[in-house]
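So that we are looking at the same thing, I have put the structure below in structure tokens.
The values are calculated or read from the model by the stated rules, or taken from the named source; none is laboratory data. Keep in mind that this is a model prediction, so the values were computed, not measured. Cβ: placed from backbone, ideal geometry, glycine included. Neighbour counts: every protein chain shown.
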Amino acid sequence: MEILYLCLIHVEMEIEFFKYQGTGNDFVLIDNRKRWFPKTDIDCIKHLCDRRFGIGGDGLILLEEDNEVDFKMVYFNSDGAESTMCGNGGRCMVAFAKYLGAISSNKASFRAVDGLHSATIDATEKVKLKMKDVDEVMERESYLFLDTGSPHHVQLVKNIDGLNVQQEGSKIRYGLYGQSGSNINFVEPSDDEGFKVRTYERGVEAETLSCGTGVTAVALAMHAKGFVNDGPVVLDTPGGELRVDFETSTTGYQNVYLTGPAQQVFKGTITWKA
């Protein structure tokens, strides 16, 4: 009688990573131009984003080669799932591409899940990123909904500093939008004619210090409500200040730009046992 034995082989992988943040929205960034990273390994991605057992981050982003533009951006939420566009992550990727030499000037063009983007970066690492056009802002009795590369619920509140964003954001994210969900933005006018914004992000399933597509959604929603004229709109998040510029068109909004800082925090290596 022949007995077959199954041998389980555990492979150790040393991963070089870079940590970037854009107004407190932080990411694990990896140079994947040689396509070596295990993109289907959800456990690996979750581990790298874990703030206690891994590196820590709101998401993980891969920089890959693209035949038509400077690079391709592949974004994963901290839950390990590939997700929709991330505005702050896109700005961090431009700074990362500049650091790697993937772009040779202060201008960049790249591909993301929602299409092509262009950006500029200045000497202070402030990145101005062109976002997608927005054709529709849906107004409801107590909130607005629009897609700025990711789906966003925008709701005006009072006393935003005292709001339990985790509790209220989770309630709306699942109760109104189901399993697929939406990002939930709470907004309150500030004294300087700008807006305070706090965001509950799906995929992170918690409040983040900032959300790029979220503040973009807020700026356009506040214009749709008649609270602001054409941009720029200044948005104050717990992680810092962002600016949104836009133009109105017969079909909605075009030439939408998100501007703010993007900085490298640290770099290193980490071992993953696959």
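Can you list residue pairs whose Cβ atoms sit under 7 Å apart, with the first residue in the stretch 229-251 being polar (S, T, N, Q) and the second being not in a strand (DSSP E or B)? Count only pairs 6 or more apart in sequence or on different chains.
Hits for this filter: 237/23; 237/209; 237/210; 237/215; 248/230; 251/135.
Please enumerate the residues belonging to the stretch 218-271 that are within 20 Å of residue 145 (Cα to Cα), surrounded by fewer than 19 Cβ atoms within 10 Å (Cβ to Cβ) and out of contact with any strand residue (DSSP E or B) (no Cβ under 6 Å at 6 or more places or on another chain).
Scanning the stretch 218-271 gives 225, 226, 227, 229, 230, 248, 249, 250, 251.
Of the conditions (1) outside the structural domain of residue 72 (by TED's automatic domain parsing); (2) within 13 Å of residue 85 (Cα to Cα), residue 116 satisfies every one except a single condition; which number is it?
(1)
How many residues are farther than 18 Å from residue 91 by Cα and not in a helix (DSSP H, G or I) if we restrict to the stretch 209-231?
7
Within the stretch 253-272, can one find any residue that is free of Cβ contacts under 8 Å to residues at least 60 places away in the same chain and not aromatic (Phe, Trp, Tyr)?
Here is the first cut: in the stretch 253-272, the residues free of Cβ contacts under 8 Å to residues at least 60 places away in the same chain are none.
No.
State all residues of the stretch 76-104 that are within 10 Å of the chain's Cα centre (by Cα) and either within 20 Å of residue 125 (Cβ to Cβ) or without any contact (Cβ under 8 Å) to a residue 12 or more places away in the chain (or both); if no residue qualifies, say none.
86, 87, 88, 89, 90, 91, 92
Of all residues in the stretch 71-114, which are among the β-branched types (Val, Ile, Thr) and either in contact with a Lys or Arg (Cβ under 8 Å, 6 or more places away or on another chain) or in a loop (DSSP other than H, G, I, E, B) (or both)?
Across the stretch 71-114, the qualifying residues are 74, 84, 103, 113.
Also, quick follow-up: Check whether at least one residue in the stretch 180-188 is modelled with pLDDT under 95 and not aliphatic (A, V, I, L, M), and report yes or no. Please lay out each step first, then the result.
So the first thing to find is which residues in the stretch 180-188 are modelled with pLDDT under 95, and the list is 180-181.
Checking the rest, the ones that are also not aliphatic (A, V, I, L, M) come to 180-181.
Yes, because at least one residue in the stretch 180-188 is modelled with pLDDT under 95 and not aliphatic (A, V, I, L, M).
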